[in-house]
1. Listed highest first by mean packing, meaning other Cβ atoms within 10 Å per residue, what order do 81-94, 230-243 come in?
2. Between the stretch 77-132 and the stretch 149-183, how many Å separate their Cα centres?
3. Around Thr159, with a cut-off of 10 angstrom between Cβ atoms, what is the net charge of the other residues, counting Lys and Arg +1 and Asp and Glu -1?
4. Fewest first, what order do Ile188, Ile257, Ile204 take by the number of other Cβ atoms within 10 Å?
5. Which residue, chosen from Ile285, Asn132, Ala78, occupies the Cα position most advanced towards the positive end of the dipole of the stretch 76-298, where the dipole is computed from +1 (Lys, Arg) and -1 (Asp, Glu) charges on Cβ about the Cα centre?
6. What pairs in Lys250/Lys327; Lys111/Lys213; Lys201/Lys271; Lys174/Lys324; Lys265/Lys300; Lys174/Lys265 have C-alpha atoms more than 29 Å from each other?
7. Can you check what the net charge comes to around Met391, using other residues whose Cβ is under 13 Å from the Cβ of Met391 (Lys, Arg +1; Asp, Glu -1)?
8. Quick check: net charge around Gly345, other residues with Cβ under 10 Å of its Cβ, Lys/Arg +1 and Asp/Glu -1?
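No lab work stands behind these numbers, since they all come straight from the coordinates. Note that the structure is predicted; figures quoted are calculated from it, not measured. For neighbour counting, all protein chains shown are included, and Cβ atoms are generated from backbone atoms with ideal geometry for every residue, glycine included.
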Amino acid sequence: MNSELNGVSRRNFMRILGAASAAATSFPAFAAVQAAAPQGTRRGAGGMSDMGDMRAMRNADTVIISSNENPLGPAKSALDAICSTASLGGRYHQEQTKDTIVAFNNIYGLKPGYSALFPGSGGPLDLALMSNIGPDKPLVYGDPSYEQGYRAAEAMKATKVPVPLTATYAHDVKAMLAAHPSPGAYYIVNPNNPTGTMTPKADIVWLLKNKPKGSVVIVDEAYHHFSNDESCIDLVAADQDIIVLRTFSKIYGMAGIRAGFAIAKPELLAKFQTVSPAGRSLASISITSAAAARASLQDKELVPLRRKINADIRSETLEFLAKKGYKVLPGSQANFFMVDVKRPGKEFLAGMMKENVAIGRSWPAMPTYVRVTVGTKDEMAKFQTAFVKCMDTAPASVSAGTSELHIPEFHIPSELNRGMYL
């Protein structure tokens, strides 16, 4: 716990350093993806992710629990690694990246060539999707789920095949298989965003065994560290047709520092170059980010400790909401949850902003549910007070033709409006 507290106390300084080191690591913007993203929701590629944008808050004390960030920031081990490595920044030092990849492969039992390190996992997620879908290769995905999948499909002019989640909010793999005879890819977010719920690994194994030849299963494990369930990385080691994405933005608290892995057999990783041949050099990770990622991987106490911190605060918050009689979507194993506000989510989000609490958005498939990130104990206490006040306020009268609520005095933070990758 002491290392966590020390990490928080140094966070502001290190975020400045991390932002500088990450400034040159963004992927080149894929023109097709940019064209597919609606105005006001674009990012580097795809238009959707879970990094908050630049926030011009009127009140500096606004509680920001909207973009699934980790309020603890980087661990002390990561901060120390950045400090000790930054002085080497005048040289390229590619061994930093190689050493981090070797450390990752050793932890997960992967052979050389089965993983690649990137500045975040949003860029490689686009590459994984876009290298396997197209006009004759549809994308099958869960609904509701993370929008980067269908944004990539729009960019690649691939048929979009959304499949409703199961009654327990898992991806319905049998329905996904039946949804199209020959898709290019199946996209599974595990834990799912926005529901926080898990799809059993056995279901993913079943899909791999029964899918059409030539299709791939893409598993986005951005939030997997918060769960106690098994990862799918071992399926990559077994040479299955699967691509797994991991990020350091969430449990490791490195959203502004940028590091992530794509894990797949070499031939699937090689296909990434068909989307962006220059991606290998233009998406290189900074030496400070690589060092922070390696230190975080080697910090054996970090993930269990942060998983417990998140689970305890999440449980306390959900218990409070349940006692008040509010309906929470059950089963979250992530650092966020969904709650039914009994009115359009956009309207409720605007009300919470007036109470200086920024929460996440809603999804078209669940328009009255909003997603809430798990913050610190103090932040969630403020959330509880604001939430009760807003729920006790009668829903506003919104005309049927209104698609947006304009709140000019506030800039509402959203992971949809940002300039970098997850």
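1. Per-residue mean Cβ counts within 10 Å order the peptides as 230-243, 81-94.
2. Cα centroid of the stretch 77-132 versus Cα centroid of the stretch 149-183: 30 Å apart.
3. Net local charge, Thr159 excluded: +2.
4. On the way: Ile188 28, Ile257 31, Ile204 22.
With the fewest neighbours first, Ile188, Ile257, Ile204 line up as Ile204, Ile188, Ile257.
5. Ile285
6. Table pairs above 29 Å Cα-Cα are Lys174/Lys324.
7. Local charge sum for Met391: +1.
8. Details: positive: Arg343, Lys346, Arg361, Arg371; negative: Asp340, Glu347.
Within the 10 Å Cβ shell, the charges total +2.
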